[in-house]
Structure formats: C-alpha cells, structure tokens
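Reviewing the structure listed below.
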Amino acid sequence: MPFGSHSVLCEIADDMINKNLPIHNPIVKTVLDLGIGNGMNACMIKNYKRNWIVDGIEYFKNYKNPMWSVYRNVEINDILNINFDTYQKYDYVVMTDVIEHFQLSDALRLMDQLKKLLKKGGTLYISTPSVFMEQGVFEGNEKECHLCLIEKQHYLDRGYELMKDGSKDSFGHFMLLGKWTHL
C-alpha cells in the first residue's frame, strides 16, 4: 500500500533527529526515500528538519498527491533498475515496507546494493513486516504484492543493527527495522 508502518517511521525520524540536534541545526543533510508511496516519510522528516533535502523514487506514479511537494525531486522508476554505482550519494537512505515486494533473491541483493547510495558516515534504514502477510494488487499497482519474507538473520548476515526485532511493538505491529551505517 502507499503507506507503511507508522511505528518504524517514528523510530527512523527519532534516530535521524537525535544525531542532528539541535532541531534548528543549520547543517543540511540529504535523504533518499525509496518507494515513497504517499510521501509520509518525507513529511515526517521535513516536519523536524525543514532545511534538509529529500528526494524520492516511486514505481507507481498514480500515488502522486500533495505530500509529494515536500520532495526536491521524485523519480518514477523501479528500484531494481537503478545503477547504484553511478547514482547520487546521500546522508540517509530510507526504505520502509518496500523490500517484501520483491523476490527474495532481489530483496537480499538490494539490502547489500543500497549501501552504495550512502555518503561516508551515512545511514540506511530498511523496514519490513516480520511475519508474511498476504497482499495483492492495490489501486492498480501490481508491485504491491508481497513476494517474500525478510527475516532477522537476513539483516544480521549483512551487518545491519536491528532497531526493531520483529516482536509485537506498542502499536501492535510486528516489524523488523534494520540500520546500516557506512563507516
């Protein structure tokens, strides 16, 4: 669906903001939001860090809505078509509730390849449900089908720190949230 778990969004925004205090810190950071859906991730980030630059990539152009206006640029593209070696580098890359929409082999490859989008010291956040949930086409978007289950060990094997371990959280969601920092 064009939105993911709001519980992971709070964790991601909190982690970003706490690394960049005070709130009105004049240093501009860049963020790439992958699979932006309705644009909620950028709205949350820009609510606290108005001077930051947020770009997005979305496969399904029909999700466009007024929230997309907070992005500097939205590219309509399939994430699997990106040349990660030549793409712009960012301070933060965020992909919430998207990776489960790929075949497992593509999802695991993405977990590694997305690291190439980070500047030195940058952080990548990837979230996914920790239980497989059937989901089919939504609003005509065939990419909304859930095709795989990413497990804790998939994150750990790739050097991610788990911010959410898949247990039921205070919102009643069963989410995995991994964070990888380019040292």
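Laboratory data are not the source of any read-out in this text; all were calculated from the coordinates shown. Keep in mind that this is a model prediction, so the values were computed, not measured. Positions of Cβ are generated from backbone atoms using ideal geometry, with glycine treated the same way; all protein chains shown enter the neighbour counts.
Assigning unit charges at the beta carbon (Lys, Arg +1; Asp, Glu -1) and nothing else, what dipole magnitude in debye, to the nearest 20, does the range 3-148 show about its Cα centre? Can you show the working numbers first?
Numbers: 15 positive and 18 negative charges, 166 e Å.
Magnitude of the dipole: close to 800 debye.
What fraction of the Cα pairs in the chain, stated in percent, has a spacing above 26 angstrom?
Working: 3941 of 16653 pairs.
Within the chain, distances greater than 26 Å cover 24 percent of Cα pairs.
Lys and Arg at +1, Asp and Glu at -1: add these up for the other residues within a Cβ distance under 13 Å of residue 6 and post the number.
Details: positive: 164; negative: 11, 14, 97, 169.
Computed value for this residue: -3.
Take the Cα radius of gyration of the range 21-111 and divide it by 2.2 N^0.38 Å, with N its residue count; two decimals is plenty.
On the way: Rg = 13.6 Å, N = 91, 2.2 N^0.38 = 12.2 Å.
Cα-based Rg divided by the globular estimate yields 1.11.
For the chain, give the share of DSSP beta bridges that are antiparallel, in percent and rounded to the nearest 5; count only bridges with both residues there.
On the way: 13 of 31 bridges.
About 40 percent, rounded to the nearest 5.
Rounded to a whole number, what is D in µm²/s for the range 139-178 from Stokes-Einstein with the Kirkwood radius over alpha-carbon pairs (37 °C, 0.692 mPa s)?
Details: Rh = 11.7 Å.
Answer, rounded: 279 µm²/s.
Run the helix sum for the chain: -39,500 (n - 2.57) per DSSP H stretch of 4+ residues, divided by residue count, reported at 222 nm to the nearest 500 deg cm²/dmol. Walk me through the intermediate numbers first.
Numbers: 4 runs with 38 residues, N = 183.
Result for the chain: -6000 deg cm²/dmol, rounded to the nearest 500.
Taking only the alpha-carbon atoms of the range 94-183, what semi-axes of the equivalent ellipsoid follow from 5 times the gyration tensor eigenvalues under a square root, in whole Å, largest first?
Values: eigenvalues 95, 53, 26 Å².
Whole-Å semi-axes of the equivalent ellipsoid: 22, 16, 11.
With a point put 7 Å past each Cα toward its Cβ, work out how far residue 73 is from residue 131 in nm, to one decimal.
It works out to 4.1 nm between the two label points.
Have a look at 98, 73, 35 and report the one farthest towards the positive end of the charge dipole of the range 1-149, computed about the Cα centre with Cβ charges (Lys/Arg +1, Asp/Glu -1).
Of the options given, the answer is 73.
With 19 Å as the limit, write out which pairs from 19/120; 61/179; 19/168 have Cα-Cα distances beyond it, or answer none. If you can, show how the numbers build up before the last one.
Values: 19/120 15 Å; 61/179 28 Å; 19/168 26 Å.
Exceeds cut-off: 61/179; 19/168.
Express the Stokes-Einstein translational diffusion coefficient of the range 1-57 in µm² s⁻¹, to the nearest whole number, given a Kirkwood radius over alpha-carbon pairs, 10 °C and a viscosity of 1.306 mPa s. Spell out each step's value before the answer.
Values: Rh = 11.7 Å.
Answer, rounded: 136 µm²/s.
Distance between the C-alpha centers of the range 34-109 and the range 148-183? Whole Å please.
The distance from the Cα centre of the range 34-109 to that of the range 148-183 comes to 19 Å.
How far apart, in nanometres, would the label points at residue 64 and residue 146 be if each is projected 7 angstrom from Cα along the Cα-to-Cβ direction?
Here the modelled spin labels are 3.0 nm apart.
Please turn the phi angles of the range 85-91 into ³J(HN,Hα) values with the Karplus equation 6.51 cos²θ - 1.76 cosθ + 1.60 (θ = phi - 60°), one per residue in order, whole Hz, x for glycine and proline.
Residue by residue, the range 85-91 yields 6, 10, 6, 4, 9, 10, 6 Hz.
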